[in-house]
Structures are given as C-alpha cells and as structure tokens.
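I have placed the structure first, in the form of structure tokens, so that the comments after it can refer back to it.
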Amino acid sequence: MKRLIDAAINRTRTTLLIMFMVVFAGLAARNAIPIAADPHVEVPFFVVTIVNEGISPEDAERLLVMPTEIEMRKVEGVEEITAYAAEGVANILVEFDAEYDLDQALLDVREAVDRTKPELPSTAEEPIVQEQSADDFPIVQVNLVGGRDVPERMLYNIAIELRDDIEAIPGVLEAEMQGNREELLEAVIDPTALEAYRISNEELINTILRNNRLIPAGSIDTGQGRFSVKVPSIIEEAEDIFDLPIRSDGETVVTLSDVATVRRTFKDRTSYARVNGRDTISLRVTKRANANVIDTVDAVKAVVERHRPDIPSKIDVFFSQDQAPFAANQVNELQGNIFTALALVMVLVVAAMGFRSGIIVGIGIPVSFLFSLIFIYLLGYTFNFMVMFGMLLGLGMLIDGAIVVTEYADRKMTEGFDRRAAYALAAKRMFWPVTASIATTLAAFLPLMFWPGVSGKFMRYLPVTVFTVLTGSLVYALIFGPVLGSMFGKAGTRDRKSMEALKQLEEGDPTRLRSLTGLYARLLAYASRYAVVTILAIMGVLFASFWAYGEYGRGMVFFSDTEPKFAEVSVRARGNLSAAEINTLVREVEREVLEVKGIKGINSYTTVSSGTRGSLDRIGGMFVELHDESERQRKGSVVLQEIRDRTAPMAGITVEVQAFEQGPPVGKPVQIQFSSYERHLLEPAVARVRAFIDTLPGVIDVDDTRSLPGIEWRLSVDRAQAALYDADVSQVGIAVQLVTNGVKVGEYRPDKADDAVDIRVRYPTEARGISALDEIRISTPKGLVPISNFVSREPSPNVDTLQRIDGIAVEFIRANVAEGVLADDVVQEIQAWLDTQTFPAALEIEFRGANEEQNESMAFIGVAFLLSLLLMFVLLVTQFNSLYQATLILLSVVMSTAGVLLGLLVTGSPFSAILTGVGVVALAGIVVNNNIVLIDTYNHLRKEHPELDYVALIVRTGAQRLRPVMLTTVTTVFGLLPLASNLSVDLVNRTVIYGGQLSMFWVPLSQAIVSGLTFATLLTLVATPAMLAIAHQTRAVYERARSTAARRLGPLRSRFRGASPPSTSGA
C-alpha cells in the first residue's frame, strides 16, 4: 500500500482524474436514482382467493380451504399458511421465508393452486393468486365527483378511460377503481308471464345457457381448398339476448323479451366511496417497485389534464392522498439536515485545524457520499429517508480517517517537512490505524446487512449505505485526501508558543503545558500512577449505570412513535346491516371527522364484512390526510385524539383511529392469538381474556375475531315430501337464487370492458325479499307448486368467518395503547394475568404482531452484536498482535452501552428494539476507533522511545492524540445532535421544526449514538491509559515478587549446591 500511496502522490493528475470520475458518476447516479418516501420492501406474502357464490363459511373451509392448504404445505420455503373461510369466498394467505426468491415462490404457489383445482367444487370460480406489496398504499388518488344530475354511467365511462391511460404510464402498477358498481346484463323475469306461458325457471335458464356457447365447428377440406366453418353463438351485444327463443308452439315462438326485461345495468350496490363527504368514483394509483414517486404523480396529473377538456363541466376532477409533496418534503428536509450537519462539522474542523486543512478534510464528505450513491444505484435502491439517514449517520464518521491523517501531516509540516513529504508520511504512518478503525466500524454494520425478515429488509438500507459511505471515506482518507494535501496543504501556526507546545508534545513533558492538553496530561499522570483506583472508580460508574437502568428504565418499544401525516379511521358495528344502513352510519362518523381542524382531506369507504385480515365487524373507514406540520397549530396526535373524543358518544358503533406506521408494518401493538384443534374452546377463552383487557387502563381500540351476533335464514328441504311433487333441491336452489342475487347464466365482453360482464336472471324488485321466500312457486309436471309445501324456513345463528393458521383454528384479540403507554408493559401485565389462569390443555395462547417482531429483532440484534465483537476482535488481534490490547479496545463497547442506557434514563425514553438496538451495535464499531488511535500511538512511541518510563509514555500518547480523538468524536456527535434533540434544522429551506415526523423517527438511534459515544469517549480517555498502566504495574509487581523470591531462595539453593553427596567407596 505504501507504493500505492507514493504512486498516487507522484501522479497527482491521474489521481485527481479518478476522483473527478467518482464525482461525476455519483452525480449521474443521484439523478438516476428514483425518489421514494419509504424504502421498498418485498413482502413474502401471497394471497389465494377462491370465490364460490352462496357457499357457507363451514363449506368454504371444508371444500375450498382444506384442499388448498394440503397442496400449499408441499411448497418449499413456506413459513405460515393463514386461511379465512367466509360466506362465498375463501382467502389463503401464504407467507414465505423473507429471503426466499419471490419469483420462484409465486411460481410454486401457482403450481400448488393448479394442483388444487380438480379438488374444488365445479361451481367455484377460477382461483386468483396475488402478490402482496408494501407499496399498496396509493401515491395519488384521482376523484371524479358529479352532482345528482350526472348519470352514473357517464362517471363510470370517464373513469374507465382515465384508468386505461393512467395504467399505460410506465411507473404505474395499477389504478384501482373505488366507488363504482360492477357492470351487469340483467334479465328481470315477469313471473306472471312465465306462468301464462307455463315456462319453468329451469327451462328459461337452460335456454340462455345453450345459446351462449363457443362452438368449435372445425374446417372442411374439399381437395380443392380448405375452409373453416364457424357457428356464431356467443352473445356479443346486449341486444343478442332479446330474441333468444324460449319455447315454440306450432308457429308461435316465445322469446326472452316476451317474459323478461333485459337491460345493461350495474349490480346492487354493496359499497360506497366519498371524498370529503361527496360521493365519488375514484382511482387509487399505486406505483411500481422502483418508480420515482414524484415523476409518476406528475405523469398521472398530466394524463388527467389532457382529458380535462373532454370532461363535462358538471363533473369535478381533483386529486387527494398525493404522496409526491410528502416524499419531496421528506427528502428535502433530510437533505437540509445533512447540509446542517455538514455546516456544523465544517465549522468545528476549520476552527480546530485551520482553513486549508479543514477544506481538505471537508471535501471528503461529498466525495464519499457520491461514491456511495454509485453503489446505491447499482443495487437498485431508491433514494429514501433510510438511505439519507445512513448518509447523515456516516457524515460524522467518514471524516475521522481524513482528520487523523491531516492532523498528523499538519504536525509534520509544522516540524519543517514540506507538504508532499508530510502527507506521504502521514498516509503511510496512519495507514493501518485508519484502516483498522474503519474496518472495525464496517465490521459492526456488516451483520446488520443480513438482518432476516421484513424488519430486516426495511432496515437493511441503513447499514448498506453506511458501509458504502465509509468505504469511500477510506479511499479518500488514504489516497485522494493526501494528494490534495500534497498540492494545497499548508502548515499551521509556527509562532514561538506553538512551536514550544509542539516540542513538549513530541519530546518534552506535556504536563507542563498551560492549556487543556496540559490539564488532560496531568489528569493522565495521576490516573496512570493510581491505575487500580481509577479502574475501580470507572467500574463503579458502569455498574451504577446498568443498575439504575434496570431499576428505573422505561421499558421497551418495537420502533419509534412519529408525528403522523396519514391515519386510518375504522368504523365497526355488529348486526345484519344492509349496505344503505352501513352507509348511513359511516356518514355520521364522516360528518364528525370533517369538523376536526387540521385535517386536509378524507377518503371514505363502506364495505360488507368478509374474510380479511382486519376486524370482521368493520363496516367502513376513512383515510385521513393531515395538513403539513407547518400549516397546522396542533400536533397530529392531538388531532387524532379529537377524532376519538368526537366519535366516542356514538351509540351502536365503535371508531378506531390508527396512524400509519412509518417503520415495518406490524399492525396493532397488542395481538393475542388463541389456537386449538377444538374450535369450540376458542370463543369462551377469547371472551375471558377480552373481559380482562377491557379493565386495563391505557388500552384502546380493542377488537376480537369472534363470530358476530347475527342471524341467517336456513331453508330445510324435506326431500321425501318434495319427491311427491316431482321436485328436488336443485329446483329449489334456482328459485331461491332468483329471489336473491339472481342466477348467473353466462358472460359476455362488451367494448371497453376489461373484464367479462355477468349475465344474470332474477325476479323484479317487488318479488324479492324475505317474505318472497315463502311465496316462491316452482313448475313441476303436476303444475305450479309452492315450495312452502316441502321447505321450512327458520333463523339460525350466523357464522361469520372461520380462521385457520397452519391448519389449526385460531381467534385473535387486538388492541392499541393510549399515548404515553408502552405496549410492552401491557403485554407483560396480560402475560402475568394469563399465568394465574387455567385454560384447557388443548388451547394455546401466544402474543403475535409487534411483540413477536420485537422478540425476533432483539434476538437477531443480540447475535449481530456478538458477531460484530468477534469480527472486531479478529481484526484488532491481527492489527496489534496482542490479545490484551485487543480486549482493552473492546472494553469501550461496554462503556458505550452504559452511555446509551444513561441517555435513556436522562431523557426518560424507552428502549427501541430496532432503532436503539441498531444504535448499540453501530456504537460498537464507532467507539473503538478512539482506542485504536491511542494504542497505536502508544505502541509507536514505545518503539521510538524505549528510554521513557510507562507514565511518561502514556501521558505523551494521550496528549498527542487528544485533539484528533476529541475532533472525531465531536464531529460525529454534532452531526447527529439536532436530531437527537428532536430538532429538524434545515439550513437550505431555513426551517427549524421541533418534534416533527422526521426528527421523532430518528430520535432513538440518534440519542443512542450521541449519548453512548460521548460517555464512552470521556471514560476511554481515562480508562484506556489506566489499563495500559495496569499492565506495566502488574509486570512490575510480578518482577518484584520474582526478585524477592529469588533473594530468599538464593541461600537455600547455595546450601544445597555446597553439600557433598554421600560416599559409596566403602560399599
């Protein structure tokens, strides 16, 4: 490497050209990297949806779920299979190992579904396989709002045209329509006409089925040519169904238009959508994985503006949930914080080292950042807040190597070396210390790059960014920086006072200096002479720190609480509610939410309860967007609490408010899973635990997955009695379907339709309803027969949704916690209560969600911490060839951990399993750098000055390294200090925000590094010299003991040597 350094300095033009290439490549990468608010995380989840209309939850579990589960268990890499069986549908959620190839996983799931198809009922629709994505939240929503005089068909057609053009944008994954009804070709039967013509329901339906078939007629080869033969028989237009013959009698033909009214319409409304209280058809636009959110939103808006002149003036088209300003503000704010930290660091460096030396050190920051961006681009990452914080975290550390090299070169130039020789000597002399210090820091971050699970994929951006930034800083500190210094470096002050101080540091007694360095040198002299006392005092401080945290610590959280920008309001109600009743209830909640100040807009929706991962009694909800922090007077948490307060008095409904998570998605922080092969054990246990949780203070938004109270109508057919009338169950089923949703008799695909339109036959509105079930008559060979003759109608308890995980029946209780309450404390309180209760042995109760992720994250962080220490230990032993010195360096990790815990005590903050945990692991690589520099200088001085006693040697070591050690520590601390103080200081946009979303998110990690590094540095500057002194004192004690023993044993040995052996001559 020394030859490389000489070559770089001797060929400055080549070296500078390489540096400029790095700069230009980094700038090009920065422009090419897509901007995103959050890191893109590939979620290893797939959902298989199987629809079978009219099937009960019990039958859906038996006929749809179980066959699918059997095939899914055969798929490699599957971690967990969660199934939901509801009325008419089954959803199977397949979770893979997070590191499994998702493309292969998708193929495996599709193959398993194909193997399942022969086992499914013939009436089941084609299974749908969908990949879940963390990017499902829309980047923008396009809303079309029309008045009462605007036809629904007009809004629908305009929405279809907009959707098709928006989905043609390269960065758009999907533009999902909401608030629209599905198209339908409906044949409304006239029961009187059917009776008059004596046409049965089956005859009518079979006629339509037989006349809407694809007939492969084949081809004819005449020997003189080959001709294809076609029999057009597919319904292509709505008019094609009018003239279908139902029955003929002589010359009279009864067509469908004689007994039914055919119309192209929409299915009955089951859901509603509104924006800011106005009915709408909206397009929820989601982007592709690595698309630039800002450019994609701009492209969507351009498409809408291109269509706007063709849209009637009565239709209002506008946007909501626009993520582009949020992403841009987040990126700009964090970039501004990086520039703020850069300014603070540069002021410190220039003040401590002079202008030229400070600039040489400072140039390393943009060069290292641009070097890192090259690899960020090559890895396919987006430019998100996690990448930028990695740069901010690395900002203070990346100049450490450049500071050490430049500071040493300054001293040599002050001694009389020319700048070329000084920087060449500094780069060679500090090559191994700088390499070892950066390598140990990289060793701390290296295990974090292999963090498993979804949380690991989310956090992986941080260590990868820091790793690439520090690698670039190593190249700059040893190659580019010395070359710039050899061209532009200038010696520091060379007045008489400075030269005397330098002489004392290099050759004299630093304790005689009248400065901070002299004061520190005198402290070191005392600590080195009384090393045992010093170490005991430091051990006492460390023990007190750990004990105090154990006694007074505030517990643990999974991630960090941030200032919300978006939230979701869920409306829950129980009972057999119609779509109109649900809409009325949600609208009441909506009116209250719209009165809350600080809300920019809301998008409301209603839904009919079905098998999903959410609450089974959810009837609707709202996506709430708050004004930017600078545009409102209140905190987001206060705004959300007002929503809770306003909606709390509403009778019959429950309203939950959940701020969107900025970290890994885990759902509600308290989740309890009940599982058993004996399903009847679940609901009583859930009821007991739910009753206890409802008594706990600070627990809010509690819900469970027990079957909802409701009824369903069961029509029991007496088959024997039905046979007397020549009727059967099939005829009854068709008749009942005509009264409910209608009988699906086929499909057709009109123009501009992206999916086939159902053709359904059913009775008119006045002939439908519960009472109509008793009045149905069916045609038999014996005439029209009321089904009440052999069918009994009776109510029964409704079974809502059946859930299974890995084939075992499960139920859940989920809950949020109030502000200021730790979920971990609630979980421990519930667990303590569960330990005192007796439940059936066949029932298993465990905590899932955030608690599960927290335990897994802490387990990994513990392993990563040990691996980091092991890697650093190997590197240090390789560098110093001493087990004692390597162990001594790693002791600073204990001090940094104590500093983190003290910081949590002082600020009253809980321990964040992810962010504080990452801070502790990162500190392990940062704090050892000071010890490496100290011990390397100590070894160098001991080799150069063997005549010095150990106290003088230690004092000179500490005095010489005080400035670079303090400077590297202060730059790292000052770079993160604003965020650690919960301040977002943006010099570029001239804003200062306290307690904002950005700063709140990073407070745990920033505070961990600031408090841990500050505390560890102060102790290291005293403890490391004292430990070095103990080695000498122990050796001296050993030598004195050995010398004393030799003196005492000397006469005895002489006596033995002087004694004559016994004579044997007379034998």
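The values are calculated or read from the model by the stated rules, or taken from the named source; none is laboratory data. This one's a predicted model, so the numbers in the text were calculated from it and none came from an experiment. Here the Cβ positions follow ideal geometry from the backbone for every residue, glycine too, while neighbour counts run over all protein chains shown.
Summary of values
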quantity: Residue that is part of a helix (DSSP H, G or I), in contact with a Lys or Arg (Cβ under 9 Å, 6 or more places away or on another chain) and either of a type outside the set (Gly, Ala, Ser) or surrounded by 21 or more Cβ atoms within 10 Å (Cβ to Cβ) (or both), where the choices are MET346, MET386; calculated: MET386
quantity: Residue tally, condition among the aliphatic types (A, V, I, L, M) and in a strand (DSSP E or B), over segment 316-342; calculated: 1
quantity: Qualifying residue in segment 839-852 (condition: of a type in the set (Phe, Trp, Tyr), in a loop (DSSP other than H, G, I, E, B) and on the phi < 0 side of the Ramachandran plot); calculated: yes
quantity: Residue check, VAL988 at pLDDT 80 or above and hydrophobic (A, V, I, L, M, F, W, C); calculated: no
quantity: Residue list for segment 353-373, restricted to those being closer than 20 Å to VAL970 by Cβ, part of a helix (DSSP H, G or I) and hydrophobic (A, V, I, L, M, F, W, C); calculated: MET353, PHE355, ILE359, ILE360, VAL361, ILE365
quantity: Residue check for LEU869: in the same structural domain as ARG942 (by TED's automatic domain parsing) and either under 30 Å from PRO433 (Cα atoms) or modelled with pLDDT of 85 or more (or both); calculated: yes
quantity: Some residue of segment 800-821 being buried (at least 17 other Cβ atoms within 10 Å of the Cβ), in contact (Cβ under 8 Å) with a residue 12 or more places away in the chain and closer than 19 Å to LEU738 by Cβ; calculated: no
quantity: Scope segment 305-328; condition under 17 Å from ASN143 (Cα atoms) and touching an Asp or Glu at 6+ places or on another chain (Cβ under 9 Å); matching residues; calculated: ARG306, HIS307, ASP310, LYS314, SER320, GLN321, ASP322, ALA324
quantity: Any hit, segment 451-458, residues being polar (S, T, N, Q) and either closer than 27 Å to TYR100 by Cα or surrounded by 24 or more Cβ atoms within 10 Å (Cβ to Cβ) (or both); calculated: yes
quantity: Residue in segment 18-31 that is touching a strand residue (DSSP E or B) at 6+ places or on another chain (Cβ under 7 Å) and within 28 Å of PHE137 (Cα to Cα) present; calculated: no
quantity: Count of segment 414-450 residues which are within 16 Å of ILE360 (Cα to Cα) and surrounded by fewer than 22 Cβ atoms within 10 Å (Cβ to Cβ); calculated: 2
quantity: Strands (runs of 3 or more DSSP E) contained in segment 764-825 and holding at least 1 residues in contact with a Pro (Cβ under 7 Å, 6 or more places away or on another chain) and under 30 Å from ILE914 (Cβ atoms); calculated: 808-817
quantity: Unique match (being among the acidic types (Asp, Glu) and in contact with an Asp or Glu (Cβ under 7 Å, 6 or more places away or on another chain)) among GLU775, GLU766, GLU747; calculated: GLU747
quantity: Those residues of segment 195-230 which are more than 60 Å from the chain's Cα centre (by Cα) and either more than 30 Å from ARG777 (Cβ to Cβ) or free of Cβ contacts under 8 Å to residues at least 12 places away in the same chain (or both), in sequence order; calculated: ALA196, ILE220, ASP221, THR222, GLY223, GLN224, GLY225, ARG226, PHE227
quantity: Considering residues of segment 530-549 that are over 15 Å from THR957 (Cβ atoms) and more than 48 Å from the chain's Cα centre (by Cα) only, the residue surrounded by the most Cβ atoms within 10 Å (Cβ to Cβ); calculated: TYR530
quantity: One residue from PRO1025, PRO1004 being in the same structural domain as ARG942 (by TED's automatic domain parsing), in contact with a strand residue (DSSP E or B) (Cβ under 9 Å, 6 or more places away or on another chain) and modelled with pLDDT of 85 or more; calculated: PRO1004
quantity: The listed residue being assigned by TED's automatic domain parsing to the domain that holds ALA444, over 27 Å from MET459 (Cβ atoms) and at pLDDT below 80, out of ARG942, ARG961, ARG956; calculated: ARG961
quantity: Residue list for segment 900-918, filter: part of a helix (DSSP H, G or I) and farther than 13 Å from SER560 by Cα; calculated: VAL900, LEU901, LEU902, GLY903, LEU904, LEU905, VAL906, THR907
quantity: Number of the exception - THR517 against (1) under 21 Å from MET1027 (Cα atoms); (2) at pLDDT 85 or above; calculated: (2)
quantity: Among the residues listed as ASP97, ASP108, ASP101, the single one being modelled with pLDDT of 90 or more, of a type in the set (D, E, K, R) and at negative phi; calculated: ASP108
quantity: Residue satisfying all of: in segment 846-866; under 11 Å from GLY917 (Cα atoms) and not hydroxyl-bearing (Ser, Thr, Tyr); modelled with the lowest pLDDT among these; calculated: GLN854
quantity: Lone unmet requirement of (1) under 21 Å from GLY394 (Cα atoms); (2) in contact with a Leu (Cβ under 6 Å, 6 or more places away or on another chain) for ILE954; calculated: (1)
quantity: Subset of segment 213-264 [assigned to a strand (DSSP E or B) and more than 27 Å from ALA196 (Cα to Cα)]; calculated: SER219, ILE220, ASP221, ARG226, PHE227, SER228
quantity: Residue in segment 216-236 that is over 30 Å from TYR605 (Cβ atoms), of a type outside the set (Val, Ile, Thr) and crowded, with 17+ Cβ neighbours inside 10 Å present; calculated: no
quantity: Residue count for segment 953-1003, restricted to those that are over 30 Å from ALA1023 (Cα atoms) and assigned to a helix (DSSP H, G or I); calculated: 6
